[in-house]
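**Q** Have a look at this one.
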Amino acid sequence: MAPLLYDDNGRAIKLMMNEGYSCHVCVLRPKSTGMVTLKSANAMVAPEIDFNFFSHPADKQILIDGIKVIRKIFATSAFDEHRGEEMHPGVQAQSDEDIFIKSKELLGTVFHPVGTCKMGNDDNAVVNHQLQVYGIENLRVVDASIMPTLISGNTNAPTMAIAEKAADMILSSAQL
Ligand SMILES: Cc1cc2nc3c(=O)[nH]c(=O)nc-3n(C[C@H](O)[C@H](O)[C@H](O)COP(=O)(O)OP(=O)(O)OC[C@H]3O[C@@H](n4cnc5c(N)ncnc54)[C@H](O)[C@@H]3O)c2cc1C
């Protein structure tokens, strides 16, 4: 919830000059998963990143339900003296499908992709509990990519915690 008209991670300056308030729905623990694939054997060529958003139907429903909850909250009497016309997704969007289509026009990512080298012991795991890459000696991955699933909070501090822990693991296994 923001006590201003907030969009595009604060870059919508003109919008913010107007009076209003806004609320964002976040699909905090998405079930959809994407993929990073190599496009070339040349390490300098950027990989292909496919977020694959909304490939799992539960994520779509959470977004739609979230918007409906926001509408309920904004319809309460506490907002009577403040309420203007709904700007987005807009009152015309009432069916689940219309809400979803309109919502997608202003979709953002919150910049927390993780898990492309997940830690674990199943077929999709890339590193073990010591962050060592399976099948390759003397190689560890130490970054947000080792998180098995996306966490609910911001990812920066946990990534630093992963790095601190990895430093301890490397030091304790090193022949000093
Ligand atoms: C716009 C934006 C806003 C964000 N806001 C927040 C926030 O408010 N709070 C929060 O907690 N998190 C936030 N995050 C997420 C957070 O920044 C990441 O979760 C975190 O930085 C992940 O750390 P990392 O070490 O995995 O990757 P990175 O921090 O991306 O580190 C990867 C490093 O590898 C280097 N690198 C890449 N390729 C090579 C190569 N070939 N050789 C050598 N080095 C290479 C890069 O230069 C980079 O320094 C934000 C992210 C973005 C993009």
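**Q** Can you find, within the range 107-132, the residue that is farthest from the ligand (Cβ to nearest atom) among those that are in contact with a Leu (Cβ under 7 Å, 6 or more places away or on another chain) and closer than 16 Å to PHE51 by Cα?
**A** Restricting to residues being in contact with a Leu (Cβ under 7 Å, 6 or more places away or on another chain) and closer than 16 Å to PHE51 by Cα, the top hit is GLY115.
**Q** For the structure I just gave you, tell me whether THR116 is hydroxyl-bearing (Ser, Thr, Tyr), surrounded by 11 or more Cβ atoms within 10 Å (Cβ to Cβ) and in a loop (DSSP other than H, G, I, E, B).
**A** Values: hydroxyl-bearing (Ser, Thr, Tyr): yes; surrounded by 11 or more Cβ atoms within 10 Å (Cβ to Cβ): yes; in a loop (DSSP other than H, G, I, E, B): yes.
Taking the combined requirement at face value, the residue satisfies it.
**Q** Which condition breaks for ASN18 when tested against (1) more than 15 Å from the chain's Cα centre (by Cα); (2) assigned to a helix (DSSP H, G or I)?
**A** With respect to (1) more than 15 Å from the chain's Cα centre (by Cα); (2) assigned to a helix (DSSP H, G or I), ASN18 is out only on (2).
**Q** For the range 153-170, which positions are farther than 18 Å from VAL127 by Cβ and free of Cβ contacts under 8 Å to residues at least 40 places away in the same chain? Write out each step before concluding.
**A** Step one: filter the range 153-170 for residues farther than 18 Å from VAL127 by Cβ, giving 153-154, 156-157.
Matches in the range 153-170: GLY153, ASN156, ALA157.
**Q** Follow-up. Are there any pairs, at least 6 apart or on different chains, whose C-beta atoms fall under 9 Å, with the first in the range 105-134 and at negative phi and touching a residue at least 60 places away in the same chain (Cβ under 8 Å) and the second within 11 Å of the ligand (Cβ to nearest atom) and assigned to a loop (DSSP other than H, G, I, E, B), and if so, which?
**A** Close Cβ pairs satisfying both conditions: PRO113/LEU150; PRO113/THR155.
**Q** Residue check, VAL45 against (1) within 30 Å of ASN124 (Cβ to Cβ); (2) in contact (Cβ under 8 Å) with a residue 24 or more places away in the chain, all met but one. Which one?
**A** (2)
**Q** For the range 120-141, check the following and say yes or no: at least one residue is in contact with a helix residue (DSSP H, G or I) (Cβ under 8 Å, 6 or more places away or on another chain) and under 30 Å from VAL25 (Cβ atoms). Quick ask: steps written out before the conclusion?
**A** So in the range 120-141, the residues in contact with a helix residue (DSSP H, G or I) (Cβ under 8 Å, 6 or more places away or on another chain) come out as 126-127, 130-131, 140.
Now drop any that are not under 30 Å from VAL25 (Cβ atoms), which leaves none.
Within the range 120-141, none of the residues are in contact with a helix residue (DSSP H, G or I) (Cβ under 8 Å, 6 or more places away or on another chain) and under 30 Å from VAL25 (Cβ atoms).
**Q** Among the residues in the range 55-68, are any of a type outside the set (A, V, I, L, M), touching an Asp or Glu at 6+ places or on another chain (Cβ under 9 Å), more than 16 Å from the ligand (Cβ to nearest atom) and part of a loop (DSSP other than H, G, I, E, B)?
**A** no
**Q** If I ask for residues that are near the ligand (Cβ under 10 Å from one of its atoms) and under 19 Å from ALA174 (Cα atoms), which ones from the range 133-156 would you list?
**A** Within the range 133-156, VAL141, VAL142 meet the criteria.
Laboratory data are not the source of any read-out in this text; all were calculated from the coordinates shown. These figures come from a predicted structure and were not determined experimentally. Methodologically, a virtual Cβ is constructed for each residue, glycine included, from the backbone with ideal geometry; neighbour enumeration extends over all protein chains shown.
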